[in-house]
Each structure stands twice: as C-alpha cells, then as structure tokens.
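**Q** Below are the structure tokens for one structure; questions will follow.
The values are calculated or read from the model by the stated rules, or taken from the named source; none is laboratory data. All values reported here derive from a predicted model rather than from experimental measurement. All Cβ positions, even for glycine, are placed from backbone atoms using ideal geometry, and neighbour counts span all protein chains on display.
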Amino acid sequence: MRIIPLLISAAVTTGLIAALNMQLPSGKTKTPRLGFFLSPQRGFWQNAEPADVSFDKDIKIAGIKNNAEVYFDDRLVPHIYAENDIDAYFIQGYLHAKFRLWQMEFQAYAAGGRLSEIIGESMLPTDKYFRRLGMVYGAERALEAMSKNEETKQAMDAYTDGVNAYIGSLKENDIPFEYKLLDYKPEPWTNLKTALFLKLMSFDLTGQGDDDLLYTNTKNFFGWETFKKLFPQRADSLNPIIPKGTVFEKPSVEVKQPANLDSVYFATDKNVSNIIPPVVPNKNNGSNNWAVSGSKTKSGKPILCNDPHLGLNLPSLWYEIQITTPTYSTYGASFPGAPCVIIGFNDSIAWGVTNAGRDVKDFYELKFKDSTMQLYWFNGAWRKAELRKEIVKIKGKPDDVENIAMTVFGPVMYDKSYKSKNEDGKYYAVRWTAHDPSNELKTFYKLNHSKNYSDYVDAISTYECPGQNFAFASVNGDIAIRQQGKFVAKWNRQGDFVMPGTDSGFLWQGYIPAKENPQMMNPSRGFVSSANQMAVDSSYPYYLGKASNFAVYRGYIINRRLSGMNNITLQDMQQLQTDNYNVLAEMVRPVLLKYIDLKELNNDEKKCVEYISKWNLKNDINEKGATIFKLFWDSVYHEVYDDEYAAAKLPLFKPDRATLAEALLKDSNYVFADNINTTYKVETMKDVVITAIRKILPVIRDLEKNDQLEWGAYKDTYINHILKIPALSRLHLPIGGGDVMINATTANHGPSWRMIVEMTTPVKAYAVYPGGESGNPGSKYYDSFVDSWVQGKYYPVLFLKKQEARHNARIKWHFTFVKA
Amino acid sequence: MKFIVSVILIALLSFTAGLFVIFPWWSFAVCAVIVSIAIPQKPYKSFLSGFIALFLLWGALAFMIDNKNQHLLSTKVAGILPLNGNYILLILLTALVGALVAGFAALTGSFVRKK
C-alpha cells in the first residue's frame, strides 16, 4: 500500500463528493447539490418526461371505499369517475399531488410564513409579514369551522389522505424538480395547509387593506379638504353591477357614526405610519363574469362566462378537472391545495366569480402600557392582551420568534419589535374578516352539487371571505348574480384610515345580512355582469369602502357590449372575453386632443399626436398608437400630480387613473393641473398636455429604435415560474389587452382561466388557461395551453358521462384505482 | 484487456447500484474503488477506467433521457446553470462530474494494492 498517494487521492475523492453533495453559495441564492442534481439516476434528469410518455397506471391503494377510474384526455385533463364523494376527493388530492405537489406545498409554505425554512433568510421579511398579519391564526380558525361541518370535514380528510397517499408512494428520484433544485423534501399534507392556501386567496383578494396606512399619510399630508378632491368617492362613469336606480330595502343594521369624527379621525395633526408592507397584492387582481339569458342567445339557453384576473404563474394557480359520482358531475378549475371545483359548471348550473373589492381589513392604533404588550388601553381601563408566539424557522440560522399581541381590534401586526422598512414605533392592530372562523369550502362543495337557483343561493349565502360576485346560469333558463361575503356595516369612510383603537367607538358594529347584499335574478335587460366595479350606486344604504378598491372601465364596456348583443353564440363570447377595446381612451382622448394646437408643435410632436388621433382605440399587439397613448396618458398623470407629491417624506397613496379621467371629463379647470413649483404662472391642462407630449418623445424614439413601439412588444407579457426563474418561465408573449380592457392582460397579470359555458343539454363549454396540467417543467404538458391562450383560442371541453369516456377518441390515458 | 474489463465492470456495477434508492447518488464511487482494488492496474490506468466508465455511463444515460424528452428540461436547466441554454454542454457537464469522482475513486482503489 502506498500510504501517501492513497491518502491524497482518498482525500480528493471524498472532498469532491462532499463539495458536490452540498449547496454552494451563488450570488444571493444557493446552487443545488450538484452531484445529486446532475445524477441521471437520481437528480433532475429523472424529471425529464419522455415526450411520448404514457400515463396509464393501475394503482392499488388503501383509503378508498370502492374502485374508481380516471380517464385523461389529450390535454391531460383528468375525468374522475368515483362511486362516492369521499373517494372522488381522495382521488382529486392524489391527482393534485401527482401533477402539482411542489406548487401546492410551496403555496402553503408561503401562506404560513415558512419560506425561510426552505429558501433561507432572504424570505424572512415575507414570512414575518404573513405571520404578523395573522395568516396562520386565520387558517387555524377557518379549519375549526370547516371541521365542524361534516361534509367539508370529510372532503378535506379524504383530500389530504389522497395527497399523502401520493407522497407516500414517491421515491427520491421521482420527487418534483423544484425540490431537487432547492434541496428539500415534501412533507405530509394536512388540512391546515388547505386552510392556509385558502387564506392566501383571501390575502390576494382583500389584502389591499394596508392602503389604510398610506391613505392616512396622504390625508395628513394634504389636509382633509384637498384629500377629498384627490380621492372622490365615486366615479361618474360607474356602471354598477346592480343597475342605477334600483331601489334597495331599508337597512336592518343601523350604523352609528362616532361623534368626534372630525377631531380624531379626519383631523390631520397626527403624523401616522410610515410603514411599507413587504408584500402587496397586485392592484389589478380582479375578474370579469357575466351571464346572458336565453332571450339573447342563439340557442335560447343562457351562457355564462368568467375570467378571473390574477398573477400569471407557472405552474398555474388552476388545475382543470372533471369530478363525477353517481349523484353529481362537475367540471371546471380547481385549486391545487383544496378539494372541489372552484369555478365551473355541472349538468344543471354554471357559476363564476369576480372579486367584490369590499374593504374588510382595517387598522387601529393602540396604546400599550409598555413594550411587553401585556396591557392595552380600552374603554378607560387597561385590558390584558393575549400573546401569540409565531416561530419562523430559518434554513441554516436560529429561529426567529414573533410575539403578537391579540386584542379586540385583532392581532397587533405592527409594533416596536417589528423592524419593517420604516418602523415608527407605534402599535397597529389589524381587524380582518379573514381572521374570523368561516367555511368557504362549504360554498364550493354545495355549488358543485347544486341543481338550480335555490341551491345556488343556499350554497353561497354562508360564504364570507374573500367577498365575491357569484354569477349564475342554469339549464332551467335562470341567470343571477349576487355579491356575497361577510361585509362590515360601516359608516361613511369607516376604515379608510387608521382608526383610534382605545375604545369601542370605532369598532365594527355589525355585518350586513346576506339577504341585503347586492343581487339580482333574471333582469329584464337579459344579462348580469360584474368586473370589480362598485356593485351599487349611492342609494345602497351601506358604505362600500374607498373608491380605489374598485375598477370602473371594464364593467362599463362589458355592460355596453352585452346590451348591444343578440343571438349570441359561444364564438361571440370568445371574442368578447378577448376584446382589446380601450374605453378609457375613447373617453379621454378627445378631451386631451382638444387642448392641443398643432401649430405650436414641431414635426416630431405632430407625428406623435397623429399616432394618437388615428389610433383605432384597440390595444392589439401591433398597434403603435396604443403604446403612445399609454405613454402620453401616464405622462399627463405625472404632470398633473407629481408636483403635489414631490415634497412628501412618507409613503403616500396616489390617485387612481380613473380619478384623473373623471376630472378631465367634467372640469376644464382641474385644480391640480397647476405646477405648484412654478410661482410665476398658473398652468392649465393645455400646458400639462403639451409638456406631457414633449416629455415622451425621447421615450418613443428609444422604443422605436429597439422595435418595441408596438403594443405587444411594449407590454411584453410574461408568465413567471413561481420562483421567478426566467428559464422556467414563458417570456415575451404577443398578447394584447391591458388593465382597463375586457382582455385584462398586463405584463404579468391577466385572465388566469377563461371559461364559457352554454346551458344546453348536454352543457357545452369552452375553456383555456395560461399554463398546463402538469407542474413539471420537464413535461410538455407544463405550458401546453399557453400559446392557445395568447392567441385567444379556446379548447372545447370534454364533459363526459362514464360510459362515454371509455370510447371517446380524445381520451388518451387511464388510471384505475383499485381498493387494496 | 484488464482496462476494458474494469471500465465495463465499474459502469455496470455503478448503474446497478444506482437502481437502489437506499444508496446515495455517489454509490458509483464505491463501485469504482472496489473494482480497482479487485483488478489492479497502474494508477493512471485505474483513474482512466473510472473516469471513462462514468463518463460513458452518465453521459449515455443523460443523452438517452434527453433525447426522449426532446431537450425540454435540459434546455431549461442549462438556462438556470450558466450554460447558455445549451443542452449538449449540460450532458457533457453531467458526464464530467460523474467521471471525475469515479476517476479519483478508482485511483484511490489502485493505491490500496500498490506496493
């Protein structure tokens, strides 16, 4: 034996293996364990699915009551045929796990503030934020409520068992790609994770409440009178969900306004919060839905359409599925992470949802005796706060512990120990309906089983958070819509700003009874619709929340289009859902152009104005006019307001684009047109518009040089992988539309599921979503629907009875679940 | 002859060990040590036999998987690793990583019996 060479080469070998067996730092992140990751028998190569893969499988499994079949069609959409509900949800869990395990677990980690555990310290601000917001607290309370109901308890248990049956069958080489990349392993699923995921949706759709802090700063900065001008309460162009002029019943909840509002609430002497939340839901989170009655369709049967607008991600938020048992058969989009179909139809009804946008998240400023936060001042005495401990595990670091005081005003989210970006040493509690025990799953469970209008009403009437506009259509010919949620009965402006939290005067006083929520059925105009606009006009007896929570223009154009349509076909609806017409531009373009005197412009400026005036008002991919209008409009906006905001030291809230549009339409002397930095002159809109044009010329030149002046190239839509890794994302997608268009596709946000259902017998439907059924980046089904979605194409949905499925030409694969 | 037998044996044993999920990804290194103890060669030849065995084994496995996958995942991974989206480089890198470890493992084995 040659000792020295032996030792050296042994050291080199083990050193190499050790280095390849650990995560090495690479910039801000870490590499995978390269040896493992590259190993063809273990690592990522095992996730490279053969292009001609067969998904056929016989699965022997304990945990189901009867044998069951799953048929997969050519798009890999599963059609589950089970003998009972419990087995169906078990299989749904199994399939979600088989195709989307990493995503569903990652989302539950995110919602539960556990990302630091798998990614490391860089995620700590996000984790702390979600913990302090009370996401886990809310999920625990929701889980209690869901467990009290036998149907939802059984559905969740079966679902969780199904997920875990799949996880239990996983070998190391089969675990999804992203686990190998980030180097961790799946852990068992729990019902709490389902609850956490649903809270993530509540956050996404009602989480804008942190605006209250910015609103308060803004009010303090400008003073109450100016603030009111910058933030009017209602847009004139509003075309509400329930038509104007509808008479509402007298409210059954009387709301008492506190007496000292002017001095303690609207006053501006208090310099409040300078907090910038690390996570803010996208302002464009919203959706379109509508249903037209048979009187307006060619078939004589209602058609229902829905497209929820959410962040565009891969793997997609949605998983398309059919669930059939002897008692019901339903089809639609499901959430990997939860049982049931969330948006869809069955053989009797169809339903679709849009966000209600009502403000159900408010902040209170509390007074604590000292920084131990054991006692807070309430109604003239010290009251004991319970302390909730949240422990955040951090990869490679000691745990972080968050102590959260729980009060009658909710959890104290911001306190002296929470080092957010600009902490100001004050105590803010957050009162949010997502903290209250509620059972949203029950609504979807019941909708899946509904046969008619009264079943639908029964299903949604207990639904609480996030509030939604539930559109409905049935084969019986009924259409309906109802804004449903647990909405707070508020006095005007309650909760727009941080409220005093020292006595019960500013607490929520009650909730609006479900039957008083805005709703209508079979209206004479022949359609119902919603697009996140204010649901009602000012005659509705309850306060809806600040205007910036609501959209204006999509609802306006949808209602105009639907009013004019007759003999509607499924193809007409496809065109409507993908319509790029810009009604905001239609309204403001003539007003803006009116201020321009071409004689005062040079050739470049004239050319720019010409582009705008000749534009066909469509945000189609090849329209340069759309890009130039957008630049111009943004430039006008900044020219109008930026000077007023320039001196602000705290983060403020900016006016909506709609506010500017409304002001221009009715007011030729808009007070904010004046540039307050120029003392020698009072600028008017005419000055603003000319300056705005001049400022965008260099931008236009640059864009033109880079071939990015056409709207599609300028907007440059992309679908990000959840980890924001470009190589796993789809970039530079040529798709039109934008935030104020029916086709609400912005850069990384838009229609996350498009569905059109005609209530004929059998029910006919079309659907598409920007993703694919498989969550595996190594599968060709990972992004297989993206191109169709981009082109505005739809897939005819295969909604089959069990005996048809076996022989259908589009059915490609088959799972048999055999009871072990 | 010894050389070719060594190469084939290391590759075969390594592949077989890789089928057992209880073994770690580096089980092939143990195979290389064992084979080079069992079949004594000059150190550089041992190194080469380990190197070539795993270069061929990992390279071929990756190549076959990649071909069936129509380069879908390899192109993405080659975009995550600094390989410019080039799947051929990724296959070569895979082969090289296995080869280096197996080469040194085999070299270590050769010194056990060497006087």
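**Q** In the list A:Ser729, A:Ser774, A:Ser752, which residue meets the criterion of being in contact with a Phe, Trp or Tyr (Cβ under 9 Å, 6 or more places away or on another chain), away from chain B (no Cβ under 14 Å) and not aliphatic (A, V, I, L, M)?
**A** Numbers: A:Ser729 fails: away from chain B (no Cβ under 14 Å); A:Ser774 fails: away from chain B (no Cβ under 14 Å).
Of the residues listed, the single one that is in contact with a Phe, Trp or Tyr (Cβ under 9 Å, 6 or more places away or on another chain), away from chain B (no Cβ under 14 Å) and not aliphatic (A, V, I, L, M) is A:Ser752.
**Q** Turning to a different aspect of this structure: For segment A:125-143, what are the residues that are among the charged types (D, E, K, R), in contact (Cβ under 8 Å) with a residue 60 or more places away in the chain and closer than 14 Å to A:Leu198 by Cα? So that I can check it myself, show each step before the final result.
**A** As a first pass, look at segment A:125-143 and keep what is among the charged types (D, E, K, R): A:127-128, A:131-132, A:140-141.
So of that shortlist, the ones also in contact (Cβ under 8 Å) with a residue 60 or more places away in the chain come out as A:127-128, A:131-132, A:141.
Selection gives A:Arg141 alone.
**Q** While we're on this one: Just give me the residues in segment A:704-744 being over 31 Å from the mean Cα position of the chain (by Cα) and touching a residue at least 60 places away in the same chain (Cβ under 8 Å), in sequence order.
**A** Here is the first cut: in segment A:704-744, the residues over 31 Å from the mean Cα position of the chain (by Cα) are A:704-707.
The answer is none; no residue qualifies.
**Q** While we're looking at this one, here's another question. Take A:Phe36 and tell me if it is within 14 Å of chain B (Cβ to nearest Cβ), crowded, with 17+ Cβ neighbours inside 10 Å and within 29 Å of B:Thr16 (Cα to Cα).
**A** Working: within 14 Å of chain B (Cβ to nearest Cβ): yes; crowded, with 17+ Cβ neighbours inside 10 Å: yes; within 29 Å of B:Thr16 (Cα to Cα): yes.
So A:Phe36 fits the description; yes.
**Q** Is there a residue being closer than 27 Å to A:Val552 by Cα, outside any loop (DSSP other than H, G, I, E, B) and either in contact with a Phe, Trp or Tyr (Cβ under 7 Å, 6 or more places away or on another chain) or modelled with pLDDT of 90 or more (or both) anywhere in segment A:229-239?
**A** Of the residues in segment A:229-239, the ones closer than 27 Å to A:Val552 by Cα are A:229-239.
If we keep only those that are outside any loop (DSSP other than H, G, I, E, B) too, we end up with A:229-230.
Filter once more, so that each one left must be either in contact with a Phe, Trp or Tyr (Cβ under 7 Å, 6 or more places away or on another chain) or modelled with pLDDT of 90 or more (or both): A:229-230.
Within segment A:229-239, one or more residues are closer than 27 Å to A:Val552 by Cα, outside any loop (DSSP other than H, G, I, E, B) and either in contact with a Phe, Trp or Tyr (Cβ under 7 Å, 6 or more places away or on another chain) or modelled with pLDDT of 90 or more (or both).
**Q** Follow-up question, since we're still on this one. Here is a list of conditions, (1) surrounded by fewer than 16 Cβ atoms within 10 Å (Cβ to Cβ); (2) touching a strand residue (DSSP E or B) at 6+ places or on another chain (Cβ under 7 Å), and A:Val392 meets all of them except one; can you say which number that is?
**A** Checking A:Val392 against (1) surrounded by fewer than 16 Cβ atoms within 10 Å (Cβ to Cβ); (2) touching a strand residue (DSSP E or B) at 6+ places or on another chain (Cβ under 7 Å), the one that fails is (1).
**Q** Can you work out which of the residues in segment B:52-67 that are hydrophobic (A, V, I, L, M, F, W, C) and facing chain A (nearest Cβ under 7 Å) is surrounded by the fewest Cβ atoms within 10 Å (Cβ to Cβ)? I'd like the intermediate steps shown before the answer.
**A** To start, the set of residues in segment B:52-67 that are hydrophobic (A, V, I, L, M, F, W, C) comprises B:52-58, B:60-65.
Right, trim to facing chain A (nearest Cβ under 7 Å) and you get B:58, B:61-62, B:65.
Details: B:Trp58: 30, B:Leu61: 20, B:Ala62: 26, B:Ile65: 23.
Here the residue is B:Leu61.
Conditions (1) within 8 Å of another protein chain (Cβ to nearest Cβ); (2) closer than 13 Å to A:Phe815 by Cβ; (3) not in a loop (DSSP other than H, G, I, E, B), marked per residue:
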residue: A:Ile8; (1), (2), (3): no, no, yes
residue: A:Val12; (1), (2), (3): yes, no, yes
residue: A:Arg42; (1), (2), (3): yes, no, no
residue: A:Trp45; (1), (2), (3): yes, no, yes
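**Q** Give me a count of the residues in segment B:35-67 that are assigned to a loop (DSSP other than H, G, I, E, B) and at pLDDT 95 or above. Can you show your working first?
**A** Looking only at segment B:35-67, we keep the residues that are assigned to a loop (DSSP other than H, G, I, E, B), and these are B:39-42.
From what's left, at pLDDT 95 or above: none.
Total satisfying the criteria: 0.
**Q** Ok, one more. Look through A:Lys153, A:Lys128 and report the one residue that is within 30 Å of A:Arg33 (Cα to Cα) and either in a helix (DSSP H, G or I) or more than 22 Å from the chain's Cα centre (by Cα) (or both).
**A** On the way: A:Lys153 fails: within 30 Å of A:Arg33 (Cα to Cα).
One residue alone meets the criteria, A:Lys128.
**Q** Please work out if A:Thr502 is touching a Lys or Arg at 6+ places or on another chain (Cβ under 6 Å) and among the hydroxyl-bearing types (Ser, Thr, Tyr).
**A** Yes: the conditions hold for A:Thr502.
**Q** Can you name the strands (runs of 3 or more DSSP E) wholly within segment A:458-565 that have at least 2 residues being surrounded by fewer than 21 Cβ atoms within 10 Å (Cβ to Cβ)? Spell out the reasoning first.
**A** Details: elements: A:468-474, A:479-484, A:519-521, A:527-530.
Because the criterion is at least 2 residues that are surrounded by fewer than 21 Cβ atoms within 10 Å (Cβ to Cβ), the strands (runs of 3 or more DSSP E) in segment A:458-565 that meet it are A:519-521.
**Q** Could you list, ordered by first residue, the pairs with Cβ atoms under 7 Å in which the first is in segment A:680-698 and of a type in the set (Lys, Arg) and the second is surrounded by 15 or more Cβ atoms within 10 Å (Cβ to Cβ), at least 6 apart or interchain?
**A** The qualifying pairs are A:Lys686/A:Tyr595; A:Arg694/A:Glu605; A:Lys695/A:Ser635.
**Q** Scan segment B:102-113 and tell me whether some residue there is under 23 Å from A:Ala51 (Cβ atoms), crowded, with 23+ Cβ neighbours inside 10 Å, out of contact with any Pro (no Cβ under 9 Å at 6 or more places or on another chain) and at the interface with chain A (Cβ under 8 Å from one of its Cβ atoms). Walk me through how you get there before you give the answer.
**A** From segment B:102-113, those under 23 Å from A:Ala51 (Cβ atoms) are none; that's our starting set.
No - not one qualifying residue is present in segment B:102-113.
**Q** For A:Ile621, state whether it is farther than 30 Å from A:Asp359 by Cβ and either of a type in the set (Val, Ile, Thr) or in a helix (DSSP H, G or I) (or both). Spell out how you get there, then give the answer.
**A** Details: farther than 30 Å from A:Asp359 by Cβ: yes; either of a type in the set (Val, Ile, Thr) or in a helix (DSSP H, G or I) (or both): yes.
Criteria met by A:Ile621.
**Q** Which residues, taken from segment B:68-95, are in a helix (DSSP H, G or I), at the interface with chain A (Cβ under 9 Å from one of its Cβ atoms) and either of a type in the set (Ser, Thr, Tyr) or surrounded by fewer than 17 Cβ atoms within 10 Å (Cβ to Cβ) (or both)?
**A** Scanning segment B:68-95 gives B:Lys68, B:Ser74, B:Thr75, B:Thr94.
**Q** Test B:Ser49 against the stated conditions and say whether it is in contact with a helix residue (DSSP H, G or I) (Cβ under 6 Å, 6 or more places away or on another chain), within 28 Å of A:Phe44 (Cα to Cα) and surrounded by 21 or more Cβ atoms within 10 Å (Cβ to Cβ). Working first, answer last.
**A** Numbers: in contact with a helix residue (DSSP H, G or I) (Cβ under 6 Å, 6 or more places away or on another chain): yes; within 28 Å of A:Phe44 (Cα to Cα): yes; surrounded by 21 or more Cβ atoms within 10 Å (Cβ to Cβ): yes.
Yes; evaluated as a whole, the condition is true for this residue.
**Q** Moving to a separate point now. Have a look at A:Asn217, A:Asn306 and point out the one that is of a type in the set (S, T, N, Q) and either within 30 Å of A:Pro762 (Cβ to Cβ) or part of a loop (DSSP other than H, G, I, E, B) (or both).
**A** On the way: A:Asn217 fails: either within 30 Å of A:Pro762 (Cβ to Cβ) or part of a loop (DSSP other than H, G, I, E, B) (or both).
It is A:Asn306.
**Q** Right, something else. Kindly evaluate A:Gln577 against the criterion of being within 30 Å of A:Ala291 (Cβ to Cβ) and free of Cβ contacts under 8 Å to residues at least 12 places away in the same chain.
**A** Values: within 30 Å of A:Ala291 (Cβ to Cβ): yes; free of Cβ contacts under 8 Å to residues at least 12 places away in the same chain: no.
Against the criterion (within 30 Å of A:Ala291 (Cβ to Cβ) and free of Cβ contacts under 8 Å to residues at least 12 places away in the same chain), A:Gln577 does not qualify.
**Q** Go over the candidates A:Ser334, A:Ser299 one by one and state the one that is over 24 Å from A:Asp210 (Cα atoms) and either charged (D, E, K, R) or more than 25 Å from the chain's Cα centre (by Cα) (or both).
**A** Numbers: A:Ser334 fails: either charged (D, E, K, R) or more than 25 Å from the chain's Cα centre (by Cα) (or both).
Result of the check over A:Ser334, A:Ser299: A:Ser299.
**Q** Across segment B:1-44, what is the number of residues that are surrounded by 16 or more Cβ atoms within 10 Å (Cβ to Cβ), within 9 Å of chain A (Cβ to nearest Cβ) and without any contact (Cβ under 8 Å) to a residue 12 or more places away in the chain?
**A** 3
**Q** While we're here: Give the residues of segment A:169-196 that are away from chain B (no Cβ under 14 Å), surrounded by fewer than 23 Cβ atoms within 10 Å (Cβ to Cβ) and assigned to a helix (DSSP H, G or I), sorted by residue number.
**A** Residues of segment A:169-196 away from chain B (no Cβ under 14 Å): A:179, A:184, A:186-196.
Now drop any that are not surrounded by fewer than 23 Cβ atoms within 10 Å (Cβ to Cβ), which leaves A:179, A:184, A:186-188, A:190-192.
The answer is A:Tyr179, A:Asn191, A:Leu192.
**Q** Taking segment A:783-816 only, how many residues are in contact with a strand residue (DSSP E or B) (Cβ under 7 Å, 6 or more places away or on another chain) and closer than 25 Å to B:Gly79 by Cβ?
**A** Of the residues in segment A:783-816, 6 are in contact with a strand residue (DSSP E or B) (Cβ under 7 Å, 6 or more places away or on another chain) and closer than 25 Å to B:Gly79 by Cβ.
**Q** Which of the following residues is modelled with pLDDT under 90 and among the aliphatic types (A, V, I, L, M): A:Leu697, A:Leu650, A:Leu664? Can you show your working first?
**A** Details: A:Leu697 fails: modelled with pLDDT under 90; A:Leu664 fails: modelled with pLDDT under 90.
The conditions single out A:Leu650.
**Q** Which of the residues spanning segment A:585-616 are in a loop (DSSP other than H, G, I, E, B) and within 23 Å of A:Ser668 (Cβ to Cβ)? I'd like the intermediate steps shown before the answer.
**A** Of all residues in segment A:585-616, those in a loop (DSSP other than H, G, I, E, B) come to A:595-597, A:601-602, A:615-616.
A:Tyr595, A:Ile596, A:Asp597, A:Leu601, listed by residue number.
**Q** When you look at A:Phe55, is it surrounded by 15 or more Cβ atoms within 10 Å (Cβ to Cβ), within 23 Å of B:Ile65 (Cβ to Cβ) and within 14 Å of chain B (Cβ to nearest Cβ), yes or no? Outline the logic, then answer.
**A** Numbers: surrounded by 15 or more Cβ atoms within 10 Å (Cβ to Cβ): yes; within 23 Å of B:Ile65 (Cβ to Cβ): yes; within 14 Å of chain B (Cβ to nearest Cβ): no.
Spelling it out, it is not the case that A:Phe55 is surrounded by 15 or more Cβ atoms within 10 Å (Cβ to Cβ), within 23 Å of B:Ile65 (Cβ to Cβ) and within 14 Å of chain B (Cβ to nearest Cβ).
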